[in-house]
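First up is the structure itself, then whatever we jot down about it.
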Amino acid sequence: MINYLKAFQNVWKAFLFLHKMYGTNNILDTGIEFIKGVGPAKAELLKNELHIFTYNDLLQHYPFRYVDRTKFYTVKEINDELPYVQLKGVITRIDKKGEGRARRLIAYFQDESGKMELVWFKGIQWVEKKLQLNVPYIIFGRPTRFQNSYNIAHPELELVSEVEKSFATSLEPVYNTTEKLKARGLDSKAISKIIKTLLQQLQGKIEETLSSDIIDYLKLLPKDVALLNIHQPQNPELLNKAKLRLKFEELFFIQLKLLRNKSIRSHQYRGYNFSTIGKYFNSFYKECLPFTLTEAQKRVLREIRNDVGSNKQMNRLLQGDVGSGKTVVALMTMLMAIDNGFQACMMAPTEILANQHFNSITELVGKLDLKIALLTGSTKTSERKKILEALANGEIHIIIGTHALLEDDVVFKNLGMVIIDEQHRFGVAQRAKLWAKNTNPPHVLVMTATPIPRTLAMTLYGDLDVSVIDELPPGRKPIKTIHMTDAQRLKVFGFMKEQIALGRQIYVVYPLIKESEKLDYKDLEDGYESICRAFPLPEYKVSIVHGQMKNEAKDFEMQRFLKGETHIMVATTVIEVGVNVPNASVMVIESAERFGLSQLHQLRGRVGRGAEQSYCILITGVKLTSEARLRMDTMVRTNDGFEISEVDLKLRGPGDIEGTAQSGLLDLHIADLSKDQQILQTARNIAIELLQKDPQLQQSHHQILNKQLSYLQKKSEGWGRIS
Ligand code: ADP
Ligand code: MG
């Protein structure tokens, strides 16, 4: 098996090498220092500041906004609703005021409707020298209200005479840049000029990347026309068409790549066929299952059963909100493998979670004659050796563990099923390693409790089949969520005491944004102290768990809490994923404004697992940004993970949603998954249809797509083969 992996690595290296060679043929891979007027110094700056290396990178540095240069306001028309205004008028006088940091240059501006002030705090000397009095200017900027009048700080200024000469287009592009670039003269205008030069240089040389049938069908602009109009729009209509063309192309190739990989996979690999539902599955179902499965759980099991009995290799994503009962589905899926003579493994992102799966699964299958092992980073060497032996000779049926399972010396006799819990915590490369642990890839079920919006799922997991558990086990009371401020903490403590008196247990969670941040630990430790003061021994017992503790100590504390020996668990977000203590019914989240929505939802999912009414208390400062307020309000309003994920996507954009940043799949330049759902759906449909007709993309008019796919593949990490 190790050989298999090595062979794969070698093929991969050769592949990368070939693609590097190929890539140099493409004019768009030319370095930006070859653009007229961009010397090595400017090129270096653009590389360092904006990661723009090639023509292609620069062409994909799309404007984030356009200023309508045909729209002018008058001073009198300015109101609070206008984020930016463009005015035409003259400067009648300039003046300098203040000392030191408050020193500023004021220009008195007027048009036919009234007067206002323009203010500079920086570059005063330069501006003073440049400004001309009583000559018509066009000014552009963000108005701020000061008492009853408005002023504009650091406006853009241009002489009307200059503008009339230079502007071919009424929609002026505005580009992202940085302070450092601006200081070296590379502001938005300068970048625009460089791109204009490049587009002139490339005239007639930009190749089409979509096939003509698609272009005709969707009436898309040709590639070169689209690029020209995204950077230098001739009119609003062409700008919109350019946006559509480029967004479509971006999303289409992602879909084509995912779906094509999926189809290659299903041709290349035959899945292990689990033809029987046997002794283990049946006796578990009849004798061990402590509850009735929900309809959703049954449906998902049928879907899985279909996959594994169909000769194809399963690559399935199981989405289900926290507490929806994914573990038992995973277990029963593993039993299908065992009934057919295969081994199964289950990988979890943390030791706490792996331990917990081990314990609950061992307990669930208690009566069955199954050998289950646990392998984590803290498994002792002698114990580890025994496990590896038993795994290689097939004695072990199920192994549960952490990343430790990925080590090369973890060798199975016959691995048939891989389950990955909380899959967003793992990188694609890590999952790839599990694939290589049998001669044919085993079936793979990845599970996630982080609900992700449909558009994101289509993009991130477009090559996986998706199952959803959309129903919670019966008898759960919806969790009540309450938002409190720091000042109300005594009230919260009072409530906690009432709940403890009723026999419940409580989590108090502190944010830990970075494991290394001392400040965060200080918050946690201060919090622990004040809780110990408010909940003194011997009446109350308080546990603490955080990432800097030794595993044994962590485990000891977790076990005490699980057994009900302590009342309160003070913790960092190590508690976030998967932990299951049904008697814990109150989740207090400190500094809740510092958490993202999906994390808050995950944390809240730690309670509400028993029959009792559960509570989630969000404690924040009094002053909140409007975004933080929206997050708190959303949490209070709904328990629905999918609804929350939609709000999250709108607030943060897909790049920031947990686990997506590393994927590389979401390296989107122009499409926006929160807005372009329809374009995405169209792109996916067209890709599906096309691959149905021409699975290998062999038809001559599809060669253009093939070529672009390999060009893009070269740029990506290239883990596309793997789910
Ligand atoms: P998650 O989907 O978050 O991993 P778990 O698998 O940990 O959820 O399940 C949460 C709790 O619900 C567990 O205590 C489990 O035993 C229980 N559970 C799962 N399925 C059912 C069911 N059909 N009926 C009742 N309880 C269930
Ligand atoms: Mg779970």
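For the reader, a short list of remarks on this structure follows.
- Filtering GLU422, GLU383 for residues that are under 20 Å from THR333 (Cα atoms) and of a type in the set (Asp, Glu) leaves a single hit, GLU422.
- Near pairs, Cβ below 6 angstrom, 6+ apart or cross-chain, from region 577-598 (away from ligand 2 (no atom under 16 Å from the Cβ)) to any residue that is part of a helix (DSSP H, G or I) and among the polar types (S, T, N, Q): VAL586/GLN499
- Tally of residues being open to solvent by 40 Å² or more (accessible area, probe 1.4 Å) and either among the aliphatic types (A, V, I, L, M) or within 35 Å of the chain's Cα centre (by Cα) (or both) across region 534-548: 2
- Annotation: of all residues in region 350-363 being under 26 Å from LEU293 (Cβ atoms) and either assigned to a loop (DSSP other than H, G, I, E, B) or open to solvent by 40 Å² or more (accessible area, probe 1.4 Å) (or both), the one that is nearest to ligand 1 (Cβ to nearest atom) is SER360.
- Looking only at region 306-322, and only at residues there that are assigned to a loop (DSSP other than H, G, I, E, B) and over 22 Å from the mean Cα position of the chain (by Cα), the one that is farthest from ligand 1 (Cβ to nearest atom): ASN311
- For region 622-641, the candidate set comprises residues that are within 14 Å of THR481 (Cβ to Cβ) and hydrophobic (A, V, I, L, M, F, W, C); within that set, the residue that is surrounded by the most Cβ atoms within 10 Å (Cβ to Cβ) is MET635.
- Matching residues, region 584-621, being open to solvent by 20 Å² or more (accessible area, probe 1.4 Å), among the polar types (S, T, N, Q) and in contact with a strand residue (DSSP E or B) (Cβ under 8 Å, 6 or more places away or on another chain): SER591, GLN613
- Those residues of region 453-496 which are within 16 Å of ligand 2 (Cβ to nearest atom) and of a type outside the set (Asp, Glu), in sequence order: SER467, VAL468, ILE469, LEU472, PRO473, ARG476
- Selected residue (only one of VAL127, VAL90, VAL119, VAL67 is of a type in the set (A, V, I, L, M, F, W, C) and not in a strand (DSSP E or B)): VAL127
- Boolean, ILE152 is in contact with a Lys or Arg (Cβ under 7 Å, 6 or more places away or on another chain) and in a loop (DSSP other than H, G, I, E, B): no
- Complete set of residues in region 174-190 that are within 17 Å of GLU158 (Cα to Cα) and among the β-branched types (Val, Ile, Thr): VAL174
- The set of residues in region 290-314 that are at pLDDT below 95, surrounded by fewer than 23 Cβ atoms within 10 Å (Cβ to Cβ) and touching a Leu at 6+ places or on another chain (Cβ under 8 Å) contains only PRO290.
- In the set (1) at pLDDT below 95; (2) closer than 30 Å to LEU59 by Cβ; (3) aromatic (Phe, Trp, Tyr), PHE248 fails one condition alone, (1).
This table checks each residue for (1) touching a helix residue (DSSP H, G or I) at 6+ places or on another chain (Cβ under 7 Å); (2) assigned by TED's automatic domain parsing to the domain that holds PRO136; (3) at positive phi.
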residue: ALA41; (1), (2), (3): no, no, no
residue: LEU45; (1), (2), (3): yes, no, no
residue: ASN48; (1), (2), (3): no, no, no
residue: ILE52; (1), (2), (3): yes, no, no
residue: ASN56; (1), (2), (3): yes, no, no
residue: HIS61; (1), (2), (3): yes, no, no
residue: ARG65; (1), (2), (3): no, no, no
residue: ILE78; (1), (2), (3): no, yes, no
residue: LEU82; (1), (2), (3): no, yes, no
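- Residue within region 560-568 that is farther than 25 Å from ARG533 by Cα, open to solvent by 20 Å² or more (accessible area, probe 1.4 Å) and within 16 Å of ligand 2 (Cβ to nearest atom) present: no
- Answer residue from region 328-349, given it is outside any helix (DSSP H, G or I) and under 25 Å from VAL581 (Cα atoms) and is nearest to ligand 2 (Cβ to nearest atom) among those: ALA348
The rows are residues; the columns are (1) among the acidic types (Asp, Glu); (2) part of a helix (DSSP H, G or I); (3) at pLDDT 85 or above.
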| position | (1), (2), (3) |
| --- | --- |
| LEU666 | no, no, no |
| ILE670 | no, no, yes |
| LEU673 | no, no, no |
| ILE679 | no, yes, yes |
| GLN696 | no, no, yes |
| SER710 | no, yes, yes |
| GLN713 | no, yes, no |
| ARG721 | no, no, no |
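- Just so you know, in region 75-94 the residues that are among the polar types (S, T, N, Q) and in contact with a strand residue (DSSP E or B) (Cβ under 7 Å, 6 or more places away or on another chain) include one that is most open to solvent (accessible area, probe 1.4 Å), and it is THR92.
- Candidates in region 295-315 are the residues that are in contact with a strand residue (DSSP E or B) (Cβ under 7 Å, 6 or more places away or on another chain) and under 14 Å from GLY416 (Cα atoms); of these, the one that is nearest to ligand 2 (Cβ to nearest atom) is ILE304.
- Which listed residue is assigned to a loop (DSSP other than H, G, I, E, B), open to solvent by less than 50 Å² (accessible area, probe 1.4 Å), closer than 30 Å to ASN48 by Cβ and in contact with an Asp or Glu (Cβ under 9 Å, 6 or more places away or on another chain), from LEU210, LEU186, LEU220, LEU181: LEU186
- Filter result for GLY278 (out of contact with any helix residue (DSSP H, G or I) (no Cβ under 6 Å at 6 or more places or on another chain) and modelled with pLDDT under 95): no
- Some residue of region 79-99 being of a type in the set (Asp, Glu) and more than 44 Å from the chain's Cα centre (by Cα): yes
The values are calculated or read from the model by the stated rules, or taken from the named source; none is laboratory data. Keep in mind it's a predicted model, so treat the numbers as computed, not measured. Cβ atoms come from the backbone with ideal geometry, glycine included; neighbour counts cover every protein chain shown. Each accessible area value is taken on the protein alone, full model and side chains, heavy atoms only, with ligands, DNA and RNA left out. Shrake-Rupley method; radii C 1.70, N 1.55, O 1.52, S 1.80 Å.
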